Amino acid sequence: MNCPAMSASASSSRSYSTFRPRPLLPQTSHDSQRSVLHYSRLPSEVFATSPLRLLGKHSLPSRAVVTSKNISSSSGVISGDEKIGVLLLNLGGPETLDDVQPFLFNLFADPDIIRLPPLFQFLQKPLAQFISVARAPKSKEGYASIGGGSPLRHITDAQAEEISKCLSEKNVPAKVYVGMRYWHPFTEEAIEQIKTDGITKLVVLPLYPQFSISTSGSSLRLLERIFREDEYLVNMQHTVIPSWYQREGYIKAMANLIQNELGKFDSPSQVVIFFSAHGVPLAYVEEAGDPYKAEMEECVDLIMEELDKRNITNAYTLAYQSRVGPVEWLKPYTEEAITELGKKGVENLLAVPISFVSEHIETLEEIDVEYKELALKSGIKNWGRVPALGTEPLFISDLADAVVESLPYVGAMAVSNLEARQSLVPLGSVEELLATYDSQRRELPAPVTMWEWGWTRSAETWNGRAAMLAVLALLVLEVTTGKGFLHQWGILPSS
């Protein structure tokens, strides 16, 4: 694959370093050219009169597309005796149906996915076992419908290979490794290979465009533990690219895919562009300082601005999918937003999986099957879906550029000895975010000051907490007595 270079003339006149510091909680401001409205709040007659933009956003104070810079090994960043490594971080996925339950166990055993009070943290693994066994049958049905397993590893391996080729073309020879959080090849396995290969400079690149506590944050937290426990890794120079949703190549690649899919509709200008992102619990954003929602909204805005330049001014909206459990997640929920669009008379819908760069269960089954079926039942007549980026050349080249641009930062804040407690991340942005999250999660504030009856946010939250307490009480009883249906079913070992 030839790596396309970004044209300097096409770049914004104002460029920003990939590693410029960002506020943890961006201030809210209104874009002068866009009304701050969600489609679900618009009366039906509004959409009928004109193709209005449907999504408002919270702008980051210095919003701009991050442009690529030409950096090569001749710049002095790389010496002849150095070995460069790139570690791609991703979620992972079961490759066979037999892998589904243990994969789910690994997922729910992560304290960044299910938070337990300190007093009950010893129940993290029993609770993960209980949930994974309960959810496995339905999850297996989903994976069976897409071929019997997740294609994520195959796609990520292909991305790693193409990034390696691109780096070589940019005169930066590097080995690219894949580390999955919840399935093979685990991050720990990738780190062992990095040590075996004698890598001296490492760039860590999460394959999540936007940062979230539950994705990039969880993987980086694991890396922090691994690095601080290994003397070789402690002294290895390294840097992390926390998020890259503002990069020009990524934005243009997404706009290219959307433009291509719009062209398949009979009336492209009448299509509503439906961005669907993976959701996170609302408390992560409002109480723990997760920047995910702000970064996601800015990302969508940048893509739409790129489409504006191409005279594509379709209506659009953003919703969040894949919620689990009774607690409140980011809204609007994808399924509710689709139903609402059908009620408003929308007939043409193009789904864009905005937080996913690879095809997997949430695109191939959740979006392509479940949400498509819901859309057609809701009155939407024409459905389309933008493919995930995968190994799209412009996207791959931009990730390679991000790696090259990060090399001057490698080692700038490396931990010098086992007693040091500095972050893996330049400028400390992720370190500060994780520290904020850790301090807040010890005692999360109540969501409201008083009880509200009915299916409200208060009721939803407290019902979820009551259910969690009930499950915890059941687990405590089972663990202390050694008897109960969890032991009978083989979920917990009998004494």
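The values are calculated or read from the model by the stated rules, or taken from the named source; none is laboratory data. Keep in mind the model is a prediction, meaning the values are calculated, not measured. Heads up, the Cβs are rebuilt from the backbone with ideal geometry, glycines too, and the neighbour counts pull from every protein chain shown. These area figures cover heavy atoms from the full protein model, side chains too; ligands, DNA and RNA do not enter into them. Shrake-Rupley method; radii C 1.70, N 1.55, O 1.52, S 1.80 Å.
Here are the numbers:
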item	result
Any hit, the stretch 185-204, residues being of a type in the set (Lys, Arg) and either closer than 30 Å to Ile380 by Cα or part of a strand (DSSP E or B) (or both)	yes
Residue satisfying condition, being modelled with pLDDT of 95 or more and either buried (at least 22 other Cβ atoms within 10 Å of the Cβ) or more than 17 Å from Arg247 (Cβ to Cβ) (or both), within set Leu341, Leu307	Leu341
Which numbered condition Leu202 misses (of (1) buried (at least 22 other Cβ atoms within 10 Å of the Cβ); (2) within 20 Å of the chain's Cα centre (by Cα))	(2)
Count - residues of the stretch 104-125 that are part of a helix (DSSP H, G or I) and either within 22 Å of the chain's Cα centre (by Cα) or of a type in the set (Lys, Arg) (or both)	6
Qualifying residue in the stretch 101-113 (condition: out of contact with any Ser or Thr (no Cβ under 8 Å at 6 or more places or on another chain), of a type outside the set (A, V, I, L, M) and without any contact (Cβ under 8 Å) to a residue 12 or more places away in the chain)	no
Selection status of Tyr292, closer than 27 Å to Asp112 by Cβ, touching a Ser or Thr at 6+ places or on another chain (Cβ under 6 Å) and touching a residue at least 24 places away in the same chain (Cβ under 8 Å)	yes
Test: residue in the stretch 98-114 that is open to solvent by less than 50 Å² (accessible area, probe 1.4 Å), among the aromatic types (Phe, Trp, Tyr) and within 23 Å of Leu282 (Cβ to Cβ)	yes
Which listed residue is among the small types (Gly, Ala, Ser), at pLDDT below 95 and at negative phi, from Ala283, Ala315	Ala283
So Ala128, is it assigned to a helix (DSSP H, G or I), touching an Asp or Glu at 6+ places or on another chain (Cβ under 9 Å), at pLDDT below 95 and aliphatic (A, V, I, L, M)	yes
Residue within the stretch 80-100 that is at pLDDT below 90 and among the hydrophobic types (A, V, I, L, M, F, W, C) present	no
Qualifying residue in the stretch 287-296 (condition: open to solvent by less than 10 Å² (accessible area, probe 1.4 Å), closer than 22 Å to Lys372 by Cα and not acidic (Asp, Glu))	no
Subset of the stretch 249-283 that is of a type in the set (S, T, N, Q) and farther than 25 Å from Leu394 by Cα - its residue that is surrounded by the fewest Cβ atoms within 10 Å (Cβ to Cβ)	Ser267
Residue list for the stretch 361-381, filter: open to solvent by less than 20 Å² (accessible area, probe 1.4 Å) and within 18 Å of Tyr208 (Cβ to Cβ)	Thr363, Ile367
Some residue of the stretch 207-221 being open to solvent by less than 20 Å² (accessible area, probe 1.4 Å), over 19 Å from Asn2 (Cα atoms), more than 21 Å from the chain's Cα centre (by Cα) and not polar (S, T, N, Q)	no
Count of the stretch 116-155 residues which are buried (at least 16 other Cβ atoms within 10 Å of the Cβ) and among the basic types (Lys, Arg)	3
Condition broken by Cys166, with the remaining ones in (1) closer than 23 Å to Leu222 by Cβ; (2) buried (at least 23 other Cβ atoms within 10 Å of the Cβ); (3) not small (Gly, Ala, Ser) satisfied	(1)
